[in-house]
Structure formats: C-alpha cells, structure tokens
1. Looking at Leu18, is it crowded, with 21+ Cβ neighbours inside 10 Å, under 12 Å from Asn80 (Cα atoms) and modelled with pLDDT of 95 or more?
2. Would you confirm whether any residue within region 197-206 is hydrophobic (A, V, I, L, M, F, W, C), within 13 Å of ligand 2 (Cβ to nearest atom) and either surrounded by fewer than 22 Cβ atoms within 10 Å (Cβ to Cβ) or closer than 11 Å to Val252 by Cβ (or both)?
3. Which is more than 30 Å from Phe42 (Cβ to Cβ) and of a type in the set (Val, Ile, Thr), of Val300, Val243, Val252?
4. Restricting attention to region 142-187, which residues are within 23 Å of Gly247 (Cβ to Cβ), touching a residue at least 40 places away in the same chain (Cβ under 8 Å) and of a type in the set (Phe, Trp, Tyr)?
5. Those residues that are more than 10 Å from ligand 1 (Cβ to nearest atom), in contact with a helix residue (DSSP H, G or I) (Cβ under 7 Å, 6 or more places away or on another chain) and in a helix (DSSP H, G or I), I need them from region 83-100; list them, please.
6. Of a type in the set (Asp, Glu) and more than 13 Å from ligand 1 (Cβ to nearest atom): which single residue out of Glu62, Glu52, Glu33 fits that description?
7. Within region 120-138, track down each residue that is more than 10 Å from ligand 2 (Cβ to nearest atom) and assigned to a loop (DSSP other than H, G, I, E, B).
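The values are calculated or read from the model by the stated rules, or taken from the named source; none is laboratory data. Here the structure is a predicted model, which means the values were calculated and not measured. For neighbour counting, all protein chains shown are included, and Cβ atoms are generated from backbone atoms with ideal geometry for every residue, glycine included.
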Amino acid sequence: MSKKALITGISGQDGAYLAKYLLDKGFKVYGLERRSASNDNFRLKYLDILNEVNIFNIDLLEHTSIASLIASEQFDHVYNLAAQSFVGDSWNNAITTSQINSIGVVNLLDAIKQLSNTTKYYQASTSEMFGLVQNTPQNEKTPFYPRSPYGVSKLYSHWMTVNYRESFNLHCSSGILFNHESPLRGSQFVTKKIVSGLCDYLKDGNKYLELGNLDAERDWGYAGDYVKAMFLMLDKDDPDDYVIGTGKKHSVREFCSIALDKLNIKYSWEGQGINEKCISTKDNKLIIQVSEKFFRPAEVNELLADPSKANKKLGWKSETSLESLIEMMIEFELSK
Ligand code: NAP
Ligand code: F7E
C-alpha cells in the first residue's frame, strides 16, 4: 500500500516541489491549504499535479480540525511547511506571524503525540534563526540569535520540535534550511524580484528596479534540491536536526550582476549606500536604484551554511549552482 504524506503549505514554493517529489516516489499526497482569494494553486498547476493531490481546506490554526485530520488519516509523514514566511512583513504582522509559525506547530505536534504517534514529522526551520551570526559558517552547533519576529517565531517551533522528540520519543526532525529559490518563488523575495524586475527592464527600457540592502549576503540554493533533504530526514530511522545549504554565499549585488550578465545587459554600479545605482552603459538609463523602503529594522547581514552533517548522514548535497538556478529563473520569466 502507498505511504501517505501530509504537506501543510502545499500551495507554496516548497510544498509544490515536495508534492511532486513524493508523488514520483509513490506516496499518496495530501495537502493542507487555507482558503484564500489570492491562491489559485498556480504552482501545483505548473507542475501538473493539482489533480494528483488531495487538498483539505483547513487553516493551521484550526486545532480541532487539525486533530481530527491527524487522527483519521494516520499519515506516515507530515511535512509542516505552512508559514508566514516573508521576513520583511513579520515586523508589521508580528502577532499573525507568531500564531501561524509558532502555535500552528504545536497544534500539529500535539495532535501527533496524542492521536498518531508513529507519524514522522518534519519542521521547516530556517537559517534566519542564526540571524546575527555568532560563527561562520553556521552548522547545527552554532548558537541562535534571531533578528526578526519571523526568526523568533521559527526558533520557538524549532525548539518545540526538539522538545517533543526528546520528551515523547516522537520521530520529529527539523531542517535548518538556508535560502532556496526557484522559478516558483514568491514575488516578494529578492531573487524573484531581481529576475522579474530585470526581465521587465529588458522588455521596456523605461522600467527600473528598486531594492534595499545590496550588501546582504545569502547562501542561495535550488528548492528542487532542498525538498529531497526533507524526505531523507524522515526516511531515516533516527530523527535529528540538519543544516541544509550550498556552502557558498553571494551578496544581493552579486546576484544582480550575475543575472545582468546572463541577460546580456551592459551595466555599471555607481555611487555608494543609499545613493548606489546600476546604470546601463548603452544608454545611461537607470536599471536598479536603492530605496530605503526595502531596508529592514534589523538586518541579517550574512548567512553561510556548513552542510557537512547532511552530506555525511543523509548523503545529501546541493546539486544546482547559483548560475544554473538564475538561468532557470530567467528562462521561466521570459517564457511568460
Ligand atoms: P511559501 O511559498 O511562503 O509557502 C508557505 C505556505 O504556507 C503558503 O502556501 C501559505 O498559503 C501557507 N500558509 C500560511 N499560513 C497558513 C495557515 N495559517 N494555514 C495553512 N497554510 C498557511 O514558503 P516556502 O518558501 O515554500 O517555504 C516553506 C517553509 O519553509 C516555510 O515554513 C518557510 O518559513 C520555511 N523556510 C523557507 C526557506 C526558503 O528559503 N524558501 C528557508 C528556510 C525555511 P497561502 O497561499 O494561503 O498564504
Ligand atoms: O531577502 C535583502 C534583504 O526576502 C534576502 C525566506 O524564505 O529565506 C528567506 O528570507 C536579503 C535580505 O529572503 C531587497 O534585506 C535587499 O537581506 O529574499 P529575502 P530572507 O529574508 O533571507 C529564509 C531562510 C527564510 O526562512 C524565509 O522564509 O535580501 N534585500 N533588497 C531585499 N529583500 C527583499 N525581499 N526585497 C528587496 O527589495
């Protein structure tokens, strides 16, 4: 009989790629989705799997509905990917962020503990928990120092996952994933914003892109590679926590430069700080300008993963270079 997996946040970037990956492995895939006017499941449609997954319209905060679902379906795997995942919004929506990202997790863990205690659980933890980094690169032993309501809410759920594992002997694992991107990335995140903004500039030379902190450095990988690590964690006999990343970092400015080169746009960076601009060397038109409105109240300046534990114990490594990832994102954007 096929194994059964529940994915919360199935309409999001990782949910869609994970659903496809598990279907290809022969799982029966169920998804949790809250009803929302904006969600037309474009990612599941794009991957051509909308009709292959079974969707339950339940908000993660509806704890009684969550409990009955966990009790009735007795899933083999539960992947908790649902979250308010945009760091930039988390200061203005700190309460909602905390409810979904922290209390939502306890709703699932507690239902599993009481009603389905052989279910294996995956928690979507994040490199944002390292925030103001205490060591570089960051591994499973690096102390946490979150810098946003998002990071704090995820640290709570990370520790609850560890706590339920240690207190009740549940198979709960936490993946501390560094930034991962794809053509299906949400439009607010910087990589998608850069690629779609530069493609718009290419189509209409009067359009330009506004960005915040160009000096921020991230370890960017491909979401399609990272969902495999989620499965490998639950496929193991022993639950544990793993850092997942590429082991390479680049600044936002470097990401822009690679994308500009791939698009064959000739440019130069001029000015400093808030006055920095990227200008076309062909006709002097503005391509990118810095805008204060995209700066955050507290920034995470750099993140760099040390994924050696995952390499060794899960046999996982990032397979897609940043260059190939950017090419994939550009191809998708230009085909629209
Ligand atoms: P995403 O595209 O923003 O997807 C998150 C999903 O959660 C959305 O489909 C959203 O649905 C759903 N959701 C939000 N609140 C919900 C609620 N109350 N009940 C049910 N569903 C709800 O995020 P992602 O990039 O796929 O990331 C997946 C998970 O990994 C998130 O937990 C994120 O915090 C974490 N993470 C991501 C990264 C990364 O770089 N991508 C790195 C580390 C950790 P709506 O359409 O209704 O909003
Ligand atoms: O920002 C800087 C910004 O919003 C990356 C989420 O998936 O990964 C993601 O969080 C960096 C930051 O991702 C703009 O200040 C500059 O330093 O793409 P982002 P994030 O905040 O790193 C982690 C691991 C998660 O867990 C989260 O769920 O880019 N930046 N200018 C900008 N960022 C945005 N969004 N927009 C700008 O205009």
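1. Criteria met by Leu18.
2. No, the conditions are met nowhere in region 197-206.
3. That would be Val243, the only listed residue that is more than 30 Å from Phe42 (Cβ to Cβ) and of a type in the set (Val, Ile, Thr).
4. Phe178
5. The answer is Ala94, Ser98.
6. Glu52
7. Answer for region 120-138, where residues must be more than 10 Å from ligand 2 (Cβ to nearest atom) and assigned to a loop (DSSP other than H, G, I, E, B): Gly131, Leu132, Val133, Gln134, Asn135, Thr136, Pro137.
Let's see how each residue does on (1) without any contact (Cβ under 8 Å) to a residue 40 or more places away in the chain; (2) within 16 Å of ligand 2 (Cβ to nearest atom); (3) surrounded by fewer than 16 Cβ atoms within 10 Å (Cβ to Cβ); (4) not in a helix (DSSP H, G or I):
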{"site": "Thr246", "(1), (2), (3), (4)": "no, yes, no, yes"}
{"site": "Arg253", "(1), (2), (3), (4)": "yes, yes, no, no"}
{"site": "Leu260", "(1), (2), (3), (4)": "no, yes, no, no"}
{"site": "Glu331", "(1), (2), (3), (4)": "no, no, yes, no"}
